[in-house]
1. Using a cut-off of under 14 Å, list every residue of the range 7-23 whose amide N is near the label point 7 Å from the Cα of Arg76 along the Cα-to-beta-carbon line.
2. Using the charge dipole of the range 50-144 (Lys, Arg: +1 at Cβ; Asp, Glu: -1 at Cβ; taken about the Cα centre), state which of Gly99, Val59, Tyr88 has its Cα farthest towards the positive end.
3. Could you tell me which of the pairs Lys33/Lys60; Lys94/Lys170; Lys33/Lys67; Lys98/Lys164; Lys98/Lys170 are separated by over 18 angstrom between their Cα atoms in the structure shown?
4. Run the numbers on the range 12-183 and let me know its relative contact order in percent, using alpha-carbon pairs under 8 Å that are six or more apart.
5. Scan the chain and hand back the longest stretch that contains none of the GluC sites (Glu not before Pro) lying in DSSP loops with at most 13 other Cβ atoms within 10 Å.
Amino acid sequence: MLGLKLPTDPRWVNIVEKNIEEILTDHAFCEQKATSTAISLIVSFPEYTDLVQEMTALVKEEISHFKMVHDKIIERGWVLGRDRRDDYVLQLIKFFPKGGSRTTQLTHRLLYAALIEARSCERFRLLSEELEDQELATFYRNLMVSEANHYTMFLGFARQYGDKKEVDTKWQALLEYEAEIMRNLGTYESIHG
């Protein structure tokens, strides 16, 4: 369903389980960045009323997810660590050239967002199925559904605002590029790395 070209190696969960505190901190910041992305889309493209409406709802949802993850950190007696570099996203956003029309810029940003949500969904599914910590497994199972909805929403908006055939071609190329990025990741206790 997600269209990802390279699935995450299930052994990634073994890395995660060795440092749950790290994955929760990374996850919290992913939710914060998702909130920021939604706000940025509102600020950058206010003329797209239906996008603004959906992004407003998404801001509320993503910040509530941040709070949920932060609460998990507190429940375990930890504090939120510092944000880390997200090499996955930094590499991903190099795919499309800078510039172009506003519509092109918007569709590229929507495609990046869709792919980040798709990979998060895939990783959450893996955590929900493989984590020994059943409380966290259930937590990730519940969040997985939201990520899938976000992925389809962003991809749907890209197809709505851009030329559908061109957007689909770009989407397939981006998926191939992302698979290459993933070949070199999966060895860290982070949501995308």
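What follows is calculated from the coordinates using simple rules that are stated; it is not laboratory data. What you are looking at is a predicted structure, and each value in this text was computed from that prediction instead of being measured. Methodologically, a virtual Cβ is constructed for each residue, glycine included, from the backbone with ideal geometry; neighbour enumeration extends over all protein chains shown.
1. Residues passing the 14 Å test: 13-23.
2. Highest projection toward the positive end goes to Gly99.
3. Distance filter (> 18 Å) returns Lys98/Lys164.
4. Once normalised by length, the contact order is 21 percent.
5. The longest such stretch corresponds to 48-131.
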